[in-house]
1. Quick one: with all protein chains in place, what share of the accessible area of the range 11-201 is carbon or sulfur, to the nearest percent (1.4 Å probe)?
2. Excluding ARG423 itself, what net charge comes from residues whose Cβ is under 10 Å from its Cβ, given Lys and Arg +1 and Asp and Glu -1?
3. So for the pair VAL100, THR242, with labels modelled 7 Å out along Cα→Cβ, what separation do we get in nm?
4. Counting pairwise Cα distances across the range 11-201, what percent come out greater than 28 angstrom?
5. Could you compute how much accessible surface GLU171 exposes when probed at 1.4 Å, giving the result in Å² to the nearest 10?
6. Using mean Cβ contacts within 10 Å as the protection proxy, how do 60-67, 129-136 order, highest first?
7. Could you work out how much longer the chain between ASN65 and ALA144 gets when fully extended? Use 0.36 nm per residue separation minus the Cα distance between them, nm to one decimal.
8. So, in Å, what gap is there between the alpha-carbon centers of the range 415-483 and the range 96-125?
Amino acid sequence: MSQLYNSIEPNVIDDEMVQKAIEEQCPEDIGKLAKREGINFKDVMELQLSFRNILQIDNLWQFENLTKLQLDNNIIEKIEALESLVHLVWLDLSFNNIEVIEGLDTLVKLQDLSLYNNRISKIEHMDTLQELQIFSIGKNNLTALEDVIYLRRFKNLRTLNLTGNPLCDDEQYTLFVVAHLPDLVYLDFKLVSDTTVSISAFPTCEIGHQHLTDHLLCWYASNILAFGASSLQELGLQKHATAFVEYLNGSFLFDSMYAEDTEAAQLAYLPGVGDLLQAYPSWFVSVCENLFNYGLKEYEKREAEVSDFYESLHEALTANQQEGRKIILDFENRNKRRLDEIHNASSYDIAESKQAEYKEDILQLSEALMTLEMLIADQLEELIKDFKENIAVIASAFMENIKGIYPFDTFSFTIFCTMTQCRDLENHYHEKLLEISITTLEKSVKNELDEDLPADVRMLLVDKNTIVNAANASHRIRLLKIDKRESDILSNTYRW
């Protein structure tokens, strides 16, 4: 058993745990209803059981229609008891104590699988997962590059994360993976550019491996603009676009910052910049992904508000129409009787009297329907007023959080999902880059440089102004990309 058990009391998955989890995941009103009347587990599509000290997967057989399951951040040692979850599309088992990939044979619809941060030493027993598109198995114990070859059977695999495994230390790691998996779009949170793919076909390339790596870190998104409206549809990202956070669930924004930055490609050759670029992308992508998740949550809030409005609108109109039908039906019944009475009247005076009553009834019908119309107009006006106010609050809070303008009580959450945080990371990176640039310039002047830099890079080291101007120009390009993305989110939200 893990030493963690000395301080953590293991839990089991029972009805009480899953019932509580479902109630927590539901909106407040639905959660109360679920608590009062109970929920049929067969109706549940998504289930989150994160951070619950679960030791063993069990008691999930009733969730036969589940499509998304989160079991991350527990102490699970074995993948088991998932046989009945045949509709599962998304499975997160990251941050557990799993040593062997197993128990996935029936999950033939699985598209997204995360086994990040476990103890797995071999990629195996996944043959039936032919729909797999995203596979994260970083921070495990994978040592053999040959394990990558196993993944060739997954024809739909487009995103792969292996970072943090011992095999990543191999000099030929990136080229080996791209060469054996030519259809990959993302590797270790980075876009696999055409440049990488073409070079992977020539493992004996004369370009130094370190220089190549540094260069590609800056250039791996040269064709980011190819992602247009058609890609949105193909990748199923319509919801992301509607949430105004499209392309933030990964390295898209970071990639685009370098796509038009020729100075960055040159500065990447400076000694130490490669190490700096190892950390910067992951930090930046982490902020973007938090922003992406926050955007989706806010989208759900907006959609819920819109849904509530239309539901209230429908109820008001239905009630009004039903009342109108009742009034008209009562009139028609009275009208039929009066017409019979007029037709069968024994004298002209009686017929005249009945006809006068009939005319008076028509006036009363008109007044009743007019009153009903004024009532629904007032109701709709009140509904629209409340809807506008609620939407204004939700949208304003979202836009303020995106900009980093937030009340103190929400600071702890929003600091991880603002464009200000992206700018702070870029500013920090720029400061470090300037330090490296100046240090390299000083070494160059003293002829103390050990590295053999390309000619265009040495041209930047003629004086301080040249190298600083190049770094600043590169910095401005990246800041403009961040500002543009923030502006797009805000303007789209405002237009909505």
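The values are calculated or read from the model by the stated rules, or taken from the named source; none is laboratory data. What you are looking at is a predicted structure, and each value in this text was computed from that prediction instead of being measured. Every residue, glycine as well, gets a Cβ built from its backbone with ideal geometry; the counts of neighbours run over all protein chains shown. The accessibility values were calculated without ligands, DNA or RNA, using every heavy atom of the protein model including side chains. Shrake-Rupley method; radii C 1.70, N 1.55, O 1.52, S 1.80 Å.
1. 48 percent
2. For residues surrounding ARG423, the net value is -3.
3. My value for the distance between the label points is 4.4 nm.
4. Numbers: 5574 of 18145 pairs.
Cα-Cα pairs of the range 11-201 separated by over 28 Å account for 31 percent.
5. Number for this one is 120 Å².
6. By packing density, highest mean first, the sequence is 129-136, 60-67.
7. That works out to 24.7 nm of additional length.
8. 41 Å
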